[in-house]
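Here is the structure we will look at.
The values are calculated or read from the model by the stated rules, or taken from the named source; none is laboratory data. The structure presented is a predicted model; accordingly, all values stated were derived computationally and were not measured. Heads up, the Cβs are rebuilt from the backbone with ideal geometry, glycines too, and the neighbour counts pull from every protein chain shown.
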Amino acid sequence: MPDQMEKFRSGYAAIVGRPNVGKSTLLNTILGEKVSIVTPMPQTTRNRITGIRTQPDSQIIFLDTPGIHKPRQMLGETMNRLAYASLDEVEVVLFMVEPEAPGSGDIFILEKLKEISKPVFLVINKADTVKKIELLPVIDAYNKLCPFAEVIPVSALRNEGVDVLIEAILKYLPEGPQFYPGDIVTDQMERFMASEIIREKIMENTREEVPHSAAVEIEEWTEREEGLVFIRANIYIERDGQKGIIIGKNGSRLKSIGTRARHDIEGLLGTKVFLELWVKIKKDWRGDERALRELGFK
């Protein structure tokens, strides 16, 4: 195990795991700010989100990756590639699971993780939902599958065990420079974060009715008089029937999405926002390579 930190340490840590195990919640808790959208639905995160935690003697750059899953469309394949690519860029990998015996999805990811030479932490989330003694067989089952550098139970939602996790990560980081200014918590552009906020509100307002068929594109971003920011965004869905679901009766659902998104975007920007939303059809975009590129998926 590396010696304790003496000088400034910095490096990257990837958060990987199945969809909906709490990766984005953990990142937001670590940073003390919301930089990654969170919903009860799996596969909420589609892009790699970067979060930066700076302390007087260290800086950790976290990569919140899309949940690794069996893809059904080209979008899913792209999300998996993003998650796997992150493993090559980091010093530490945080494999996040729930406090239960490993399932087929967890085992599938572990087979990938065993191929890399980086230290892999087993991070058991939602540890507050079970008794400590109940974690022992879970830990034993995972240890039989992979030699973990560290095993750390946490509750991302209640901010329990997170400080222990941070200290453990720092032991594995090399001495190095501060990559980002100390007051920056993410390198995501404001446009991207605004589009993610809108998508979060779509998912919260439609749930299973429009599960993952919606994508958001910021078409116009203009700063107007007295600091007002005008944003026009397109919401793309795949089928005609989904359009009516998002708009709602007399436009009520779209209005609710816009109102809630505008409130959060104003909090992000610290200024008044005029948000204009349009719902458009981009047929079967999740399986269209060209459409994925146009919507920013590499």
**Request:** Mind listing just one residue for me: the one in the range 159-208 that is within 27 Å of G270 (Cα to Cα) and among the basic types (K, R) and, of those, modelled with the lowest pLDDT?
**Result:** R191
**Complete:** Condition set of a type in the set (S, T, N, Q) and without any contact (Cβ under 8 Å) to a residue 40 or more places away in the chain, scope the range 226-253, selection surrounded by the fewest Cβ atoms within 10 Å (Cβ to Cβ): answer is N250
**Message:** Residue pairs, Cβ under 8 Å, 6 or more apart or interchain, first in the range 112-136 and under 30 Å from E89 (Cα atoms) and assigned by TED's automatic domain parsing to the domain that holds C146, second surrounded by 15 or more Cβ atoms within 10 Å (Cβ to Cβ) and of a type in the set (K, R). List them.
**Reply:** none
**Message:** Which count do you get for residues in the range 93-111 that are outside any loop (DSSP other than H, G, I, E, B), more than 17 Å from S24 (Cα to Cα) and in contact (Cβ under 8 Å) with a residue 40 or more places away in the chain?
**Reply:** 4
**Asked** Is it the case that some residue within the range 125-145 is at pLDDT 95 or above and under 17 Å from F62 (Cα atoms)?
**Response** yes
**Prompt:** Considering the range 144-159 alone, what residues qualify as being closer than 21 Å to A101 by Cα and without any contact (Cβ under 8 Å) to a residue 60 or more places away in the chain?
**Reply:** K144, L145, C146, P147, F148, A149, E150, V151, I152, P153, S155
**Request:** For residues that are closer than 17 Å to A13 by Cα and among the polar types (S, T, N, Q), scanning just the range 81-118, find the one that is modelled with the lowest pLDDT.
**Result:** S86
**Asked** Among the residues of the range 237-286, which ones are in contact with an Asp or Glu (Cβ under 7 Å, 6 or more places away or on another chain) and assigned to a strand (DSSP E or B)?
**Response** V273, I281
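Search the range 254-265 for residues being of a type in the set (V, I, T) and surrounded by 15 or more Cβ atoms within 10 Å (Cβ to Cβ), and hand back the single one that is modelled with the lowest pLDDT.
I265
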**Hey, E219 in a strand (DSSP E or B) and not basic (K, R) or not** = yes
